[in-house]
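**Q** Quick one: structure below, then a few questions.
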Amino acid sequence: MSYDNVIELKELHRHYTMGEDTVKALDGVDLEIKRGEYVSIVGPSGSGKTTLFNLIGGLDKPSNGSVFIDGVDIAQLDAYELAWLRCRKIGYIFQSFNLIQVLTALENVALPTVFAGVARDEGLKKAEYLLESVGLGTRIHHRPTELSAGQQQRVAIARALANDPAIILADEPTGNLDLNTGMEIIDLLHGLNKTRGLTLVAATHDLKMIKASDRIVWMRDGQIEKIERG
Amino acid sequence: MTREEIGQVHFSLGDAARLSYDHIKRRLGRAAINVASIALGLSFYTTLVLSDTFYGTYEGLGGAQLSVESYQYWLVMVALVVSVVGITNAMLIAVYERYREIGTMKCLGALDRHIILLFMMESGFQGLAGGILGFTLGLMAAVVSTGFSTGFDIVFKVPAARMLTLFGESVLLALTLSMVATIYPAWRASKLRPVEALRYEL
């Protein structure tokens, strides 16, 4: 059974204790994101964007409230189930790419398929296809250090797609890229969102990314300030 | 999706071995330090054990009674402890260097035990290499140090089975020491929370 809302946040709180102070990184966030939607999360630094991103991605647990991914409350999941969710349902893209330096582009993209239990040959074949589809067909045997920043981010995007996830989470994906390269990455992500029907959630400062999205969620002081249509 | 549809993540011994091999190959310098550390400690140990064996064989063949001083075994203990501490230190540095990488692996589906397996596999390879190298060095040192009193051909007079057992024991010892030294660093790495690992800037 598949749910209309692929992500549902209910009364989400995340508090950190720093010495005697309690920092409310998230202070009651409600949000529903539909399948195939492209949502930008915008706000000044410290507004709770990254915390929200981490909670949706199952990288952190809420202090209060719940996160539903495809209808499952992830607070109920144990470490094994959470790992499976990260592996199969969610693809991550980071500002600093986070490729494994000792592996080639091809091996980096194939790595998630290892955790998914796909046979090695099949995983490599899929990785090759994905690298071709992000325009890196000729550089599959290069290591991250032999690729430009834009190319590294393309590898990271291909890696995020390796297990056909329902959701792509991107944390400032254009933050380390120049204007033109950033634009190419935005077009690539937008294209994937439209052609594959992927749900794309991006935390960003980039105006061009914001313009391309279906909805824009403005965050301030751990709360949603306003939601705009793109 | 329902909770029942959630499956399992996979990471076989073969997968771990392949990834550890890639790490060692690309960071050969650090691996070489670990291998050298274990090889030196172990060569000291094999020198004594082999010298003792050579003296015993010599005596069995009608030669004079010679032996290794027992205090030397205490020195070997110290050398082995030092090499274990050295490996622990080097592996801890390797963990810090790979903070982001560990965080990324966890995002891709790695479990705590997969991270432990990866580091243990790496130290296993290094222990194996250090063991073989250490035994070879120890054998040469033992032949040189006992040769003048027992004759340099003594090594061929020791039964092959006995030599093979000594070789096996030495490599096993190196493997064990290297892996024991990595338990703490590997555990630390596995307990890293992906959020913290990804936030870490080096």
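**Q** Pull out a ≥ b ≥ c, the square roots of the eigenvalues of the alpha-carbon gyration tensor of the range A:83-143, then state rounded if a/c is under 1.5, prolate if not and a/b is larger than b/c, and oblate in the remaining case.
**A** Here the range A:83-143 falls in the oblate category.
**Q** Search the structure for amide H atoms under 5 Å from the amide H of A:A170, placed 1.01 Å from N in the peptide plane, and list their residues when 5 or more places away or on another chain.
**A** A:I93, A:V201, A:A202, A:A203
**Q** Let me ask something else about it. Could you check the spin-label model distance between B:S12 and A:R215? Points 7 Å from the Cα along Cα→Cβ, value in nm.
**A** Spacing of the two 7 Å Cα→Cβ label points: 4.3 nm.
**Q** Over the Cα atoms of the protein assembly as shown, how large are the radius of gyration and the largest Cα-Cα distance (Dmax), in Å?
**A** Reported Rg and Dmax, both Å: 27.6, 97.
**Q** Now for a separate question. Among the chymotrypsin sites (Phe, Trp or Tyr not before Pro) in the range B:78-155, which ones are in a DSSP loop with at most 13 other Cβ atoms within 10 Å of the Cβ? Mind listing them?
**A** Listed in order of number, the matching sites are B:F152.
**Q** In whole Å, what is the distance between the alpha-carbon centres of the range B:85-114 and the range B:10-80?
**A** With the range B:85-114 and the range B:10-80 each reduced to a Cα centre, they are spaced 26 Å.
**Q** Hey, another quick one. Give the residue list of GluC sites (Glu not before Pro) in the range B:1-90 that are DSSP loop and have at most 12 other beta-carbon atoms within 10 angstrom.
**A** Answer in residue order: B:E69.
**Q** Still on this structure: Could you run the Karplus curve 6.51 cos²θ - 1.76 cosθ + 1.60 with θ = phi - 60° over the range B:117-132 and give me ³J(HN,Hα) per residue in whole Hz, x for Gly and Pro?
**A** 4, 4, 5, 5, 4, 4, 6, x, 4, 5, x, 4, 5, x, x, 5
**Q** Per residue of the range B:99-110, in order, report the coupling 6.51 cos²θ - 1.76 cosθ + 1.60 (Karplus, θ = phi - 60°) as ³J(HN,Hα) in whole Hz, putting x for Gly and Pro.
**A** 3J(HN,Hα) across the range B:99-110, in whole Hz: 3, 5, 5, 5, x, 5, 4, 5, 5, 7, x, 5.
**Q** Would you mind computing, in nm to one decimal, how far apart the modelled labels at A:M18 and B:W187 are, each placed 7 Å from Cα along Cα→Cβ?
**A** 3.1
**Q** Separate question: Only four residue types carry charge here, +1 at the Cβ of Lys and Arg and -1 at the Cβ of Asp and Glu. Report the dipole size of the protein assembly as shown about the Cα centre in Debye, rounded to the nearest 20.
**A** Roughly 480 debye for the protein assembly as shown.
**Q** A follow-up question, please. Checking the cross-link filter: which lysines have an alpha carbon closer than 25 Å to that of A:K208, excluding same-chain neighbours under 8 positions apart?
**A** Filter leaves A:K34, A:K49, A:K194, A:K226.
**Q** For chain B, with a Gaussian network of springs between Cα atoms less than 10 Å apart, report the residue from B:I115, B:I132, B:I93 with the top mean-square fluctuation.
**A** B:I93
**Q** Choose one answer from A:V67, A:V155, A:V29: the residue with the largest mean-square fluctuation in a GNM of chain A with alpha-carbon springs under 10 Å.
**A** Maximum among the listed residues: A:V29.
**Q** Mind listing the long-range amide H neighbours of A:Y38? Cut-off is under 5 Å, sequence gap 5 or more, other chains count too, H placed in the peptide plane at 1.01 Å from N.
**A** A:L200, A:D214, A:R215
**Q** Same structure, new question: Where does the protein assembly as shown land at 222 nm, in deg cm²/dmol rounded to the nearest 500, when only DSSP H runs of n ≥ 4 count, each adding -39500 (n - 2.57), divided by all residues?
**A** -18500 deg cm²/dmol
**Q** With charges set only on the Cβ (+1 for Lys and Arg, -1 for Asp and Glu), what does the dipole of chain A come to about its Cα centre, in debye to the nearest 20?
**A** My answer is approximately 460 debye.
**Q** Pairing the Cα long axis of helix A:179-195 with the longest principal axis of chain A, what angle in degrees results, from 0 to 90 and rounded to the nearest 10?
**A** Relative to chain A, helix A:179-195 is tipped by roughly 80 degrees.
**Q** Hey, what did chain A get for relative contact order, percent, Cα under 8 Å, at least 6 apart?
**A** The normalised contact order for chain A reaches 28 percent.
**Q** For chain B, what does the relative contact order come out to in percent, with C-alpha contacts under 8 Å and a separation of six or more?
**A** 37
**Q** Cut-off 10 angstrom, C-alpha nodes, Gaussian network model of chain A. Which of A:L207, A:L26, A:L106 fluctuates the most?
**A** Checking each option, the largest mean-square fluctuation is seen for A:L207.
**Q** Treating the range B:1-104 as a set of equal point scatterers at the Cα positions, no solvent, please give the Debye-formula log₁₀ I(q)/I(0) at q = 0.19, 0.22, 0.23 Å⁻¹.
**A** These q points yield log10 I(q)/I(0) values of -1.01, -1.15, -1.19.
**Q** Here's something else I'd like to know. When only DSSP loop residues count, what GluC sites (Glu not before Pro) in the range B:99-202 have their Cβ near at most 12 other Cβ atoms within 10 Å?
**A** Filter output for the range B:99-202: B:E201.
**Q** Moving on to the next point. Pairing the Cα long axis of helix A:79-88 with the longest principal axis of chain A, what angle in degrees results, from 0 to 90 and rounded to the nearest 10?
**A** Roughly 60 degrees between the two axes.
**Q** If you don't mind, there's one more thing I want to ask. In sequence order, what are the phi-derived ³J(HN,Hα) couplings for the range A:90-101 according to the Karplus relation 6.51 cos²θ - 1.76 cosθ + 1.60 with θ = phi - 60°, rounded to whole Hz, with x for glycine and proline?
**A** The phi angles translate into 10, x, 10, 10, 10, 4, 9, 6, 6, 7, 7, 5 Hz.
**Q** Just to confirm the number: angle between the C-alpha axis of helix B:28-60 and the first principal axis of chain B, 0 to 90 degrees, nearest 10?
**A** 30
**Q** Another question about this same structure. On the principal axes of its Cα set, how long, how wide and how thick is chain A? Give whole Å, largest value first.
**A** Each principal axis gives a Cα extent; for chain A these are 50, 39, 39 Å.
**Q** Which value, in debye to the nearest 20, gives the size of the charge dipole of the range A:1-41 about its Cα centre, when Lys and Arg are +1 and Asp and Glu are -1 at the Cβ?
**A** Rounded to the nearest 20 debye, it is 160 debye.
**Q** Work out Dmax and Rg for the range B:27-199 from the C-alpha atoms and quote the Rg first, both in angstrom.
**A** In Å, with Rg to one decimal and Dmax whole: 20.0, 70.
**Q** Note the per residue figure in Å³ for the convex hull of the C-alpha positions in the range B:99-193.
**A** Value for the range B:99-193: 100 Å³ per residue.
**Q** Considering the dipole of the range B:27-199 built from charges on the beta carbon (Lys and Arg +1, Asp and Glu -1) around the Cα centre, which of B:L177, B:L133, B:F152 is farthest to its positive end?
**A** B:L177
We did not get these values from a lab; they are worked out from the coordinates using the rules stated. Remember, it's a predicted structure, so these values are computed and weren't measured experimentally. Glycine also receives a Cβ, built like all others from the backbone with ideal geometry; neighbour counts cover every protein chain displayed.
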